[in-house]
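Working notes, structure below.
The values are calculated or read from the model by the stated rules, or taken from the named source; none is laboratory data. Bear in mind the structure is a predicted one, so any value in this text is a computation, not a measurement. When we count neighbours, we look across all protein chains shown, and the Cβ atoms used for this are built from the backbone with ideal geometry, even at glycine. Only protein heavy atoms, including side chains, enter the accessible area calculation; ligands, DNA and RNA are left aside. Shrake-Rupley method; radii C 1.70, N 1.55, O 1.52, S 1.80 Å.
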Amino acid sequence: MSASAIFVLDLKGKVLICRNYKGDVDMAEIDHFIPLLMQQEEEGMICPVITRGTVHFMWIKHSNLYLVATTNKNSNASLVYSFLYKLVEVFTEYFKELEEESIQDNFVVVYELLDELMDFGFPQTTDSKILQEYITQEGTKLEVTKTKVPTTVTNAVSWRSEGIKYKKNEVFIDVIESINVLVNANGSVMSSDIVGSIKLKTMLSGMPELRLGLNDRVLFSLTGRDKGKTVMMEDVKFHQCVRLSRFDSDRTISFIPPDGESELMSYRINTHVKPLIWIESVIEKFSHSRVEIMVKAKGQFKKQSVANNVEIRVPVPSDADSPKFKTSTGSAKYVPEKDLVLWTIKSFPGGKEFLMRAHFGLPSVEKDELEVFFLMSIDFFVRYMKIIEKSGYQALPWVRYITQSGDYQLRTNA
């Protein structure tokens, strides 16, 4: 990665705190960052990497702060940005809200964190749970606790402390998927994909090893196996605790989990997705003063599944007035500040069909995209979860599957 220095600035460009890691870039170079950024804003061409001579500024904005990394090398930009976002995550874990005031109020702790998070331009310990073991927010404790660095920093399992004990051993697994679908006015799916993640909440004693087995139809693009009729996962990212060698050999996800909440993996499935909720609409115009919109929604998923908190948003022209609604289920209301009708259905069983009629007085009909938002549960994906710990205790694994809407749009003919 090789970042030379990290700066935290306010919106005017004042340096609130900084850490020089390599000394190969003049610290005064940061004075040029805000003028260069303002120049790009005026030209309407803001770039995530700003260059002045041989110095590169890589930056992100969070709340009322700029976090900036400087370098004069051909650095790995993706790693630099990953570190900057990790910095935001760690600071937020410590201070709840990351803003100018929290930096000023916790100056000593922030500097200690910058010192531990990176060494000579390379990321070191970035797990906030581990950092909180020896960098605390009590100033007097800071020096005492640092005399004994926890074993997690030098341990092979740096993400988990030893000696963790729970009266009741449990692990909760959430499989969360967002579906992105764009359907044209003819009913054809123009684009679709699924973005997913597996999140854990681990409350297990000792140093347990977990083995997660996936549905046989799931295949990862990493393995290079024959695709056949399997589901191909792309852009797969694992937490550092996963043993990749074991995964490469038999597709078993084997790991010693971090304590508490963590994201085990994330992925994307680029596949044809049949819309789980199909929408049809008919717009009938009466001269130039009144229009009736009829929207039919049908659940195209298993009858034993239920979609919760379904929201169907029907855009209408900004000059619409005198709204009247009739629904076979749920409730509909006009949201004038967003120029749309919001039809809400709290519980949408699979295979069911519902109608909504809206009457408006308006001179024009011009918008033609319907958006659908929902949250539902579908059983699939995880085949088994084994928990192995040398003491042999009994543990309960709980698995929950959540499918939710991402960018879910269905276009209609006005």
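Taking the convex hull of the alpha carbon positions in region 22-114 and averaging its projected area over all directions gives 6.6 nm². Candidate cross-link partners of LYS285 among the lysines, defined by an alpha-carbon separation under 27 Å and a same-chain spacing of 8 or more, comprise LYS296, LYS298, LYS324, LYS326, LYS333, LYS338, LYS367.
When the pairs LYS168/LYS201; LYS96/LYS167; LYS129/LYS201; LYS22/LYS61 are compared against a 22 Å limit on Cα-Cα distance, LYS96/LYS167; LYS22/LYS61 fall above it.
Shape summary: region 246-310 maps onto an equivalent ellipsoid whose semi-axes, from the alpha-carbon gyration tensor, are 46, 15, 13 Å in decreasing order. The 1.4 Å probe gives accessible areas that order TRP59, TRP398, largest first, as TRP398, TRP59. When only alpha carbons are used to place a centre, region 277-298 and region 50-65 end up 49 Å from one another. Within the shell of other residues whose beta carbon sits under 14 angstrom from the beta carbon of THR329, the net charge comes to +4, with Lys and Arg scored +1 and Asp and Glu -1.
Solvent-accessible surface of region 31-146, taken per residue with a 1.4 Å probe and all protein chains present: 54 Å².
Of the residues CYS241, CYS18, ranked by 1.4 Å probe accessible area with the largest first, the sequence reads CYS18, CYS241. Between ASP339 and LEU11, what FRET efficiency follows from the Cβ-Cβ distance if R0 is 35 Å, with the result rounded to 0.05? My answer for the efficiency is 0.65. Once the Cβ-Cβ distance of HIS272 and ARG52 is raised to the sixth power relative to R0 = 41 Å, the FRET efficiency obtained is 0.30. The calculated FRET efficiency for the pair ASP119 and SER289, based on their C-beta separation and a Förster distance of 60 Å, comes to about 0.25.
Under 5 Å from the amide H of HIS62 lie the amide H atoms of LEU67, each residue being 5 or more positions distant or on a separate chain, with H modelled from the backbone and absent for Pro and chain starts.
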